Structure formats: structure tokens, C-alpha cells
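Worksheet: the structure to be examined is printed underneath.
The values are calculated or read from the model by the stated rules, or taken from the named source; none is laboratory data. What you are looking at is a predicted structure, and each value in this text was computed from that prediction instead of being measured. For neighbour counting, all protein chains shown are included, and Cβ atoms are generated from backbone atoms with ideal geometry for every residue, glycine included.
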Amino acid sequence: MRILATLLLVGALLSPLFSQQAPSRVVAIRAGKIFTAAEKTYDNGVILIEDGKIKAVGDVEIPAGAEVLEFPTAWATPGLVDLHCHIAGTGLRDINEMVHPINPELSTRPTIDPDSDYLKDALAGGVTTVLYIPGSGTNISGFGTLMHTGGGRTIDELIVRFPGAMKVAQAWNPERMGGDLGMSRMGMWWALREVLEEARAYHETWTAYEKEPKGTRPAKREDLELMRGLFQRKWPVIIHTADARDVMATVRIFHDEFKLPCIVSHGEFGGYKAAAEIAKRNLPANIGPRTYDWTLMVQDGHCYGIAAKYLEAGVKKLSINTDSPVVPEEELIVQAAMSVRLGLPEEVALRAVTIEPARAALIDQRLGSLEPGKDADIVIWTGNPLDVRNRPLMSIIGGKIAYDERKGRRVTFGGGW
Amino acid sequence: MSALLILSVLLAQAAPKEEKKPVYTALVGGDVHTVTQGVLKGGTIVFKDDKIFKIGPAVDLPEGTVKISAAGKRVLPGFIAALARNLGTSPAPGKIADALDPFSESIKLALAGGITSAYVEPSSGGGGVFGGAPPPAGPGAVIKMSYGTLDGMLLAEPSGISLAAWISGSPSERYEVRETLTKARAALEKEHDYEKRRTENKLKPDEKPPRAGGPLENYVKLLKGELIARIPAAHAEDLRRALDLINEFRFKAVLTDVVEGWTMAEEIGRARAYCLVEPRGKEHAPRNSAHPAGSSIEQAAILRKSGVKFALLPPNATVGTGGTAGRDLLTLFLEGAFAIRGGLDEVTALESITITAAEICGVESRVGSLEEGKDADVVVLDGDPFDYRTFVDLTFVNGRLLYEKSKSPYYSHLKSPR
Amino acid sequence: MSAALLLVLALSQAAPAADDDECVVLTNVCILTVGKGDIETGTIVIHGGKIVAVGADVPVPAGARVLDRKGMTAFPGLVHALSRLGMPEGPPDATGASQLALDDLNPLSDALGPAARCGVTTFAIQPSGVGIAGRGAILKSSGGARGPQVVEKSAFLRIVLQTGTAPKDALRQALEGARKAFDADRKKVDEKTLPLLLFLKGELPAIVEAGTPAELLHFWQVLDAFSDCSPRVVIAAPLDAYKVAGALGSRKSRVILRPYLALAPFTRERINNAAELERAGAQVAFAPISDSPEGLQGIFFRMGELVKYGLSRETALRGLTLSPAEMLGIDKRVGSIEAGKDADLILFSGDPLSPQARIREVYIDGRPVLPGE
């Protein structure tokens, strides 16, 4: 009897929040089209969810007792991922400490506002994960947080991984006006190298000590602690960079010299001219908010799609961002659509807002595609998400519905600069 | 540049000397979206000089007609921007007519976006990415994107006057507005009285018709329906105030910068006021708001249900080359797609960037739809106007081909993905 | 008028110096007459400040001083139509049709000598200011202690166009005022209206400076209302005047350009402004962009570039000499190496458009100003 009671209790506790009736552990979503961002795309396929994870995708049999959600004309995609987000907190003033040029001890985590209207807009726009990073007012502005846009009420409930990445801004913003190193690229590159060398030495010292704890314990440094994870390749450094010269400096310093996992972010204003170098090193490029290059660096009168140019140069790890609030976070899919308009293939564009950013952020074992074992972060759209006339009906995070249009459509959409 | 384009520009520039033979141009085989009279699939539209001459399933073409195939494409009226900044004019005080710059690159860009007419205002400078635009320095005008010539570039001036003071002015400025309208109403009554007595031959000897001068003149025109008032009214209180004035004096008005129009669609409908709607204008409602507030992407659809007519605008009413695609007038037709996302029907979406925008600017007798006798301002699209992949193939203004995608450097490297 | 200027005018009208009686003959020189073709090896006879004879086989008069200029190329002195040589910097005290640029000229200005030695033998000074700025004058350089010689003190009206309603209305009103006085007794017309009246009658040309092609279109809107009059207009056009090539051509406009290539917007594609205008049917002339020696010497280099990119050599060479002379109405006197014209000559060490060629000698009214007397 006690065993049965326990089982019933456990069963009740384990029931997902889908239905109030008989608790079922498996949910099946059948959708007109399933874009997995993995090998195949399925017509009229099924996604099986269990315990917050994807159990199976494709032409799978729905087990008895599963709760079934039918979306015969809808598309299902992985929840969208944006690696360049500034709107998850309490305002732009909160993400730039512009006293010192190098701030590895700072992070965005304490500034997260779980109740933010902007996060709710993002969620209703199909963006389920963002890398919420500090601004580009300094060379190293701090560490960003990889977080969900909904499905939780506290900061900790929203966090996917902290740190998400270290944020570096390499030129076209952090130029100081004086009183500190960094007025010119000479000073900026020097300051970056100095801290990277210090961090590497710190990491090597500690690694040796952890292997064989003998002698004096090395000093603990809060500001360099998180940088160890870069050298351990646990999280990447995301670098705001601009024209071709700066893109080259980025790949030279972070990849060639210090061998860190890095993401080249923005890369606009003619940055595509250095794209071949990014491709050679097989580095990820994170394009946005600008989707085209025209007057500034282009000299033949053509309006070039930036993502298309990077692809042309051989960059395979292509992701797209909004740099919200420059472009509103919920318009991440519109950024992808505009990139398609300007020459990027549709498939590449959809992967650029799902699996590629997840890979670049070293979180793809959990997110970015609809594959067995990964988190059930899924968005149901009224049709092809790239067609801006379509919209999300439902956003699911960790197997739970975080946004449901049937319960009330989120109507605030847009804004931006 | 194509031969046809060069010919167009040079012809327009040649000083008119003798009577020229009419030039006929025909677009053959496209789906002709007239906007006011349905879609003619695989039809033909013919221009005679600067006017639309004939539209039909098959038209006998006069000898010498320049034939252009529109097979597989859609033929639409040129798009109309109900508001545009930094487009087609030099920044100079005074009348728009004297500040027109038909060589501005902005015009070429607008043509690439399928825009053939726009409402512009003389600016007093200022504004920027973070700041809103200051009130206009004078009445607005409607201009055409007639690159290369001043002839036929000015469509209507003045077209609209701003009554911003009624919403954002000081109490004395607001008082001024009502006072001037009251005086204008009295002046109009005098005019009517004069007319009545003239037809009944009851005029006094040497009596001249009364003429309202100075700023009063524009207000009289407003009451006569020859001008439209533009009133910025974002929130419910502003809208209520604006509607009060409109209902009291019964003039043609367009409410601009409308955010919370969706919360009072019926009242706006009853006042017969137009709206300028930015589908992607976003404002969060205050947390403790007791009533519906803030912005809604469904605003256009809601206004439509109450019979309110509106024109659509993008987040930036400029032709930008800054790099963020899809946020300015270069993709005006995309704004219709966002209104559709918010529940608007496709027919109204198309009207809101063509004929209704023309009505709002007071030029609907000339532009905004494909009808015989109207101006030959026409665009040919390579796809559905609300598909994010669609590009403008050809743009005609006053019957002249001024933009050709395959010949212009802007987008010629982009093949239609269809 | 300033005392210095009065003195200079007096001097320039004084009896010619003893040199002027001498007959000077340049022989074995390559002559680019500009007016009548090129002479590979020829002779120029100079007497009394004038060119007496030019040709391949011209006899040398008895008693003449013969200068063998083998290896050199003779070219007419430059006519600088848009000059501010000798004029003060800064905004003017007053503008208006009654103002004369000559009143502001400093005839002893340090800039005049170097300009002459760069080959500028005739120059037109512009009054400063915008709108109807005033009337310009045409002068001959001297290069020496003597001041410049006035050819015409009220040679042309200068109108600087501006964008907007106010300047357009002002121009229109001024012209309408002049038209009202069309048949009036000239002595009774006020000094502000008279120059405009002469302009409408075609007796006083106007140099109209446009900053943009759009300004030209607006100007024509105003001017076309006076098509019953016969005004003579010379347009000082901007670098993107090619955008109105069609209209400039069909109006057979006279256009003065700065000698630069334009770039097509958003690109590095060169557009040969002058060649486009000429192709459309306009007449083109060129003026240096600056009055400094660097700017003036540089003009031949600039013209070479224009020829390289499609302008005909003939138009280029004529554009510095006979064309501006015609536009200013002084072509009977200067602009080409022809008998009867002023002996204003530049002797180059080679072809003027060759980057290696240098100016070796300059003569004005038969007097050598380079290398000097």
C-alpha cells in the first residue's frame, strides 16, 4: 500500500504542467513541418517530450497515454538563440562600467530582471535563449549570462549557464577619451594582451597546483577566476569587432595567440573582407545588427548582405543576432529573414538562429536543435517563421509552455533604434 | 543605366519646345493589382506620356508603343509614404517647392523600394536616433520621386498643416488653435454668405469677396476640406483631445504617432479621422494601468474593424543606408506584412500603402491606384508584395522608367530566390 | 575707388614703355594657336603688344629681335574666368547689382605677380557675397611693378544661387523689377536695377554660380519666365553637373567647370563631368579651383587627367583659353595665338599637357613677365 501511495505521489509530482487531468509523463507535438536544425526536416512529424527533454523526433509512434498537441499547419523549430542581447536587465546604464578598460570581474548576472517586459516580448517572438552580455563601452566589459527568456521567476531559474561568455569590445566603441589606456588601438590591444597573459599565467599556476597541491597555495583572484574557463574551453569569449582590420586583430589575438574559443561578433563595416581568415580558422561569426553593408566600406554601389558575404568567403559557423535593443529581441527571426532577402539561403538562415549560435556558445549539447537528449526548447509558428506574416503560437522551455497565445496574445512587438 | 532610363531622363530635361508625339508604354502579361477595382491576372496596362491610358485583359497597342513584359510579375500602383524625412529636398527654409532636389540619392533609393510619392515637411533641423523629430516648420507637401527633373515633382503643396500645438502646446498655444479655428469658421460663413447673395444678385455695389489672409487662410482651407490637419496623438488622452477638436469643427484630420488608437477605435471611426500607424511602434503599458494601454501589433486590424482608415509607416520614416534592413522606407511594403502578422487582411494592407495613403495626403484623384486617367506611377514586383523576399523590378513615375533592378547597382547582384 | 587703384589705372593708361616699339620674333617654336590649329615649327611676330603674324613660314621683319625658341611650345595665356586675385578675404560690406568688384581690388596685391608667372594673363574678378552679388571686372595681368590693366570694369553680373524660397523669390522680384523698366529711359533707372536691365537685354552677361544641379533647375524655373528677353548666362557649375547634362545641352549652355573628375555615388567609378556635358551639347570652359601658384600650376596636370579619362584634347586646351574668352566676350582680344590679338603667350618646355613640361616664359602684351624684364 505504501509503495502504491508513494508511486502515486511520485507520479503526481512528476506530472508536467500541461494538463490538470490524468498526469502523463510524455507529451507529443505533431506539427505540419518540423525544422530540427539537425539532419532532417520532417513533414507532419512528431516531437516526443519527456521530463523536459526531447525523447524522439520525426516519424515516431506516439505512446499510449501521451498528451497530444496537434498543429497540423504549423511549423515547429528549436527555440531561437541570440548571442548578442542587452535587454534582459534593468536598462542600458546597468551594463557599462566605463571607469577601467578591463573588467573581467564584472558580470550581467545580478542585473537580470526576470520580470522584464522585453524578455516577455522576446519569448513571444520565439527567442527562448539569449546570451545577455554587457555593453561595448570598454575593452573587456565583463561576463555575460546564458539564460532563458521565460519559464522561471527568479534569476537562478532563468540561467542556462553562468558564465555564458566573456565579452570583449575591440574598437568602434570602447575608444577612451583619455586618462586611461585605450585612446587608440595601440593601447586597447596592449591592455587586452596584458590581461590575457596574466590570466593564462594564473590558469597555468592553478592548474599545476590543482594537479599537485604542494607548496604555497597560489593567491585567488576573483577577476581572473572566470577567465580560467576560457582556457579550459568551458565557455567562449565573444568579441564585438567591426571592420576588416579589427576582425584580423580579433582572430590574431584570441585565436592564434591565446588559442581561446571565440566568437567574432558584428563584423560589419567591411568586416566581411576579412571573412576568409575567419573561415580558415573555422571560427564562428555572429552577424548583426546590420544585415547589409553599403556606403561605408563598399565601393561598387552594391548593397551587400553581410551574412551572405561571410558565407561566400567560406565561413560555415554563421549565426545572426539583434544586438537588442538596437533591433528588438523579438525580431531575431526578422534579422534572419532580411539576411535571406539579401542572399543567404533559407536553411542557413534558420540554422543561424538555432544550432549555430548554440554551438558557438558551447551549449549545443543542450540547446539549438530538436534532437533526442536535448532540452525541449521548442517554438510553434503559424507557418514558415521567416515569412514575417507568421508568428509564434507557443514557446516551450524545458518541456513547459512558457508562452501560449491561446491564453492571451502578446501584442507588444517592435521598437528598436 | 539602361537606354530607356537615359532616354527618360534626357527627355524630361529637354526644354519643352514644340508639341511632341505622345509616348506609349505598355506593361504586358502581369497580374495588375488596381487596388480599387480588383486584380486583373495576365493583363496589360498602357501609359500615354505621364498618365495611365488603358487597362485591360488585352489591349490594342498604338504603333510605336514600348512594350515591356511583366509576365510572372505583379503590377501595382507605386507605394506612397504618408510621411518621409530627408527625402527629395535640401534642408532649406521656405516652401518645399523651392527646396526640391531631384538629384538627391535618397530619391533613387526610394525608387528602389517602390516608392513613387511621399509626404514631406520643411524641417527646422534637429532630431536624431534617440530624439523624436521636432514639429515641422511649415505645411507639408506631397512630392514625387521624379529623379532628374523638377517637372511633375511637386504633387501638392500645401497638403497638410500641423495642429501639434493642440496636443503638446502650452495652454495659450492650445487656446490659439481653437481661437483660430473659430475665426476661420466665421470667415467661412462670410464666404458662404457672400456666395449666396452673389447668386441671388443681392450684392452691394463694389462689394468684393471676403478673403482670409495670413495664417487664417490655411485654417479656412482646412475647414473647406482642401487641406488635412496632422495631429500627433499617441496616447488615449491625446486621442480624446484630438477627437474633441475634430468633432467640434469637423475637418479632415489624420492622427499621427498613434500608439493607443486600438483602445478607442470606435470613437476614431465615428470622428472619421485617419491614422498613421506604425505596426512596429512599441510601447509597454504602465504596470499599474487600469485600462488597456501601450502599443499593439494588432492596432491596424482593430482600427479596420471600426472602419478607421490608415496609412502604414516603418520604424524609420527615412531611406536609410545604415545597415539594418527592413526598418525603413526602403521596405515600406514589408510594413504591410507586419500589419498582417497582427491580423490585418491583405487587401486593406495594400490599400494602406497606396490609395489610403494618397487620401490622407489629399492626392487620391491623381495617384494611389491603377485607373485610367490617373498618373502613371507604377511598380512591377517580382513576387507577393508582402513576401519578405520580394524586390521591386521596375518603378515608373509620371510614365517614365526611373528604376530597373537589373540595371541599377543596388540589388542587381541579388537573384530572385524564386 | 581707392587711391592705389586710381594710381594704377593712371599708370596703365600712360604712354607705352620704350620696349613696346621693339619688334620681337619667336622662331622655331611649336605653336598651339587654339584658334587656328597647331603649327609644328613656326614663327610668332610681336609688335606693339600685339601678335602681328603667326605661321610656319612667316618672314622676320628687318630690325626685329629674334629669339630662337627651338624645343619650346607656345600656348595662349590663360583666361581665368572665376578669379579672386587681389580681392580681400572675408564677407563683403555690401552686395547688390550696384556693387563693383573692382572697388575692392588691391592692385598691388602680392598674389598678382605669381599668378601672372603661372601663365594667367587675363583674369575676371568676382565680387563676393551671395545672391545678386555685384558686377565683376576683367583685367590683364602685368606681373611687374605696374598694376593690372582694366579691360572692362563692369564686365558681368555675378549671381550666386542658394536653395530655398527666400533667395528664389528675391531673384525673381529683382528681375521683374528690371523687366518693368525695360523700355524706360536708362538715365532714370536706379543703379540697382540698371545692371539687371542690361542683363535681360543681353548687354551684360551673368556668371551664375550653382552649388548643386538642383539649384540650376530652380534657377531655370525663374529665368524661363523671362524668355521674352534675351539674357546671356554663363554657368559656373558644380562637379555633379553631369546630372543635368540633358538640359545644359538642349539649352546650349555655356558652362565653366573646375577641372576634376566626379565619382558616381557609393562608388569609385569616375565620371568625366566635362566630357558628359560636351557630349550633350553644352559649351565647356575650365577655371582653376584656386588662385594660389600651386592651384594655377596644377591646372595643366588636372586637364591632362581629364583628357586621359575621355575629354578631347582640343576641348581641354580651348577650355583654358578661347572658350572662357568667348564666354566673357573678350575673344576678339585674347584667348588664342592669332594675328591682331594681344601678345599673351606661355612658352612650355614641352607639350602643356605632359606632366614633365614646365612653364619657361610668359609674355603679357608682348612684355616678358617670366623670367622677367
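Is the range A:270-278 home to any residue that is free of Cβ contacts under 8 Å to residues at least 24 places away in the same chain and more than 8 Å from chain B (Cβ to nearest Cβ)? No, the range A:270-278 contains no residue that is free of Cβ contacts under 8 Å to residues at least 24 places away in the same chain and more than 8 Å from chain B (Cβ to nearest Cβ).
Restricted to the range C:155-184, and to residues that are small (Gly, Ala, Ser) and touching a residue at least 24 places away in the same chain (Cβ under 8 Å), which residue is surrounded by the fewest Cβ atoms within 10 Å (Cβ to Cβ)?
Restricting attention to the range C:155-184, the residues satisfying the condition of being small (Gly, Ala, Ser) are C:155, C:164, C:166, C:170, C:174, C:177-178, C:181, C:184.
Narrowing further to those that are touching a residue at least 24 places away in the same chain (Cβ under 8 Å): C:155, C:170, C:174.
Numbers: C:Ala155: 24, C:Ala170: 14, C:Ala174: 21.
In this case the residue turns out to be C:Ala170.
Among the residues examined, B:Arg241 qualifies as surrounded by fewer than 20 Cβ atoms within 10 Å (Cβ to Cβ), touching a residue at least 40 places away in the same chain (Cβ under 8 Å), over 19 Å from B:Val120 (Cβ atoms) and assigned by TED's automatic domain parsing to the domain that holds B:Ala293. Here C:Pro238 passes the criteria (1) in a loop (DSSP other than H, G, I, E, B); (2) more than 14 Å from chain B (Cβ to nearest Cβ); (3) surrounded by 17 or more Cβ atoms within 10 Å (Cβ to Cβ) except the one numbered (2). When every residue of the range B:182-189 is checked against the conditions, none turns out to be at pLDDT below 95, surrounded by 13 or more Cβ atoms within 10 Å (Cβ to Cβ), outside the structural domain of B:Ile96 (by TED's automatic domain parsing) and acidic (Asp, Glu).
Of all residues in the range C:246-265, which are closer than 16 Å to C:His218 by Cα and at the interface with chain B (Cβ under 8 Å from one of its Cβ atoms)? Walk me through how you get there before you give the answer.
So in the range C:246-265, the residues closer than 16 Å to C:His218 by Cα come out as C:246-248, C:251, C:253.
Once the filter is applied, which keeps residues that are closer than 16 Å to C:His218 by Cα and at the interface with chain B (Cβ under 8 Å from one of its Cβ atoms), the range C:246-265 yields C:Gly246, C:Ala247, C:Arg251.
You will find that of B:Glu364, B:Glu359, the residue that is without any contact (Cβ under 8 Å) to a residue 24 or more places away in the chain, more than 19 Å from B:Asp49 (Cβ to Cβ) and not hydroxyl-bearing (Ser, Thr, Tyr) is B:Glu364 and no other.
Every listed requirement among (1) crowded, with 24+ Cβ neighbours inside 10 Å; (2) more than 9 Å from chain A (Cβ to nearest Cβ); (3) within 30 Å of A:Ala242 (Cβ to Cβ) is met by B:Arg280 save one, (2). Remark: pairs (first residue in the range C:279-297, at pLDDT 95 or above; second residue among the aromatic types (Phe, Trp, Tyr); Cβ separation under 6 Å; 6+ apart in sequence or on different chains) are absent. When the residues of the range B:388-414 are filtered to those that are closer than 17 Å to B:Ala71 by Cα and assigned to a loop (DSSP other than H, G, I, E, B), the one that is farthest from the other protein chains (Cβ to nearest Cβ) is B:Ser406.
Tell me which helices (runs of 4 or more DSSP H) are completely within the range C:254-373 and hold 3 or more residues being closer than 27 Å to C:Val52 by Cβ, or say none if there are none. Steps first, please.
On the way: elements: C:273-280, C:293-308, C:313-319, C:322-328.
Answer list for the range C:254-373: C:313-319, C:322-328.
Would the range A:327-338 turn up any residue that is surrounded by fewer than 24 Cβ atoms within 10 Å (Cβ to Cβ), in a loop (DSSP other than H, G, I, E, B) and either of a type outside the set (Asp, Glu) or within 11 Å of chain B (Cβ to nearest Cβ) (or both)? The answer is no, given that none of the residues of the range A:327-338 is surrounded by fewer than 24 Cβ atoms within 10 Å (Cβ to Cβ), in a loop (DSSP other than H, G, I, E, B) and either of a type outside the set (Asp, Glu) or within 11 Å of chain B (Cβ to nearest Cβ) (or both).
When B:Gly294 is tested against the conditions (1) touching a residue at least 40 places away in the same chain (Cβ under 8 Å); (2) at the interface with another protein chain (Cβ under 8 Å from one of its Cβ atoms), the lone failure is (1).
Against the numbered list (1) within 21 Å of A:Trp190 (Cα to Cα); (2) in contact with a Phe, Trp or Tyr (Cβ under 6 Å, 6 or more places away or on another chain), A:Ile87 comes up short only at (1).
Can you find a residue that is surrounded by 21 or more Cβ atoms within 10 Å (Cβ to Cβ), over 14 Å from B:Arg327 (Cβ atoms) and within 10 Å of another protein chain (Cβ to nearest Cβ) anywhere in the range A:308-326? Reasoning before the result, please.
Start the filter on the range A:308-326 by keeping residues that are surrounded by 21 or more Cβ atoms within 10 Å (Cβ to Cβ), which leaves A:308-311, A:315, A:317-324.
Narrowing further to those that are over 14 Å from B:Arg327 (Cβ atoms): A:308-311, A:315, A:317-321.
Filter once more, keeping what is within 10 Å of another protein chain (Cβ to nearest Cβ): A:308.
Checked the range A:308-326: at least one residue is surrounded by 21 or more Cβ atoms within 10 Å (Cβ to Cβ), over 14 Å from B:Arg327 (Cβ atoms) and within 10 Å of another protein chain (Cβ to nearest Cβ).
The test for being among the polar types (S, T, N, Q) and either more than 14 Å from chain A (Cβ to nearest Cβ) or at positive phi (or both) holds for B:Thr256.
For the range B:373-387, the set of residues classified as in a loop (DSSP other than H, G, I, E, B) and within 20 Å of the chain's Cα centre (by Cα) consists of B:Gly373, B:Lys374, B:Ala376, B:Asp377, B:Pro385, B:Phe386, listed by residue number. Filtering A:His240, A:His203 for residues that are touching a strand residue (DSSP E or B) at 6+ places or on another chain (Cβ under 9 Å) and outside any loop (DSSP other than H, G, I, E, B) leaves a single hit, A:His240. Residues in the range C:266-282 that are polar (S, T, N, Q) and within 14 Å of chain A (Cβ to nearest Cβ): C:Thr267 only.
B:Ala311 passes every criterion in (1) under 28 Å from A:Gly416 (Cα atoms); (2) away from every other protein chain (no Cβ under 14 Å); (3) outside any strand (DSSP E or B) apart from (3). Out of the residues in the range A:400-417 that are on the phi > 0 side of the Ramachandran plot and facing chain B (nearest Cβ under 7 Å), which is surrounded by the fewest Cβ atoms within 10 Å (Cβ to Cβ)? Selected residue: A:Gly416. Here A:Ala249 qualifies as at pLDDT below 90 and assigned to a helix (DSSP H, G or I).
Working carefully through the options B:Ala358, B:Ala301, B:Ala317, B:Ala325, find the one that is touching a helix residue (DSSP H, G or I) at 6+ places or on another chain (Cβ under 8 Å) and in a helix (DSSP H, G or I). Walk me through how you get there before you give the answer.
Details: B:Ala358 fails: touching a helix residue (DSSP H, G or I) at 6+ places or on another chain (Cβ under 8 Å); B:Ala317 fails: in a helix (DSSP H, G or I); B:Ala325 fails: in a helix (DSSP H, G or I).
Answer to the selection: B:Ala301.
The set of residues from the range A:47-66 being under 30 Å from the mean Cα position of the chain (by Cα) and over 14 Å from A:Ala376 (Cα atoms) comprises A:Gly58, A:Asp59, A:Val60.
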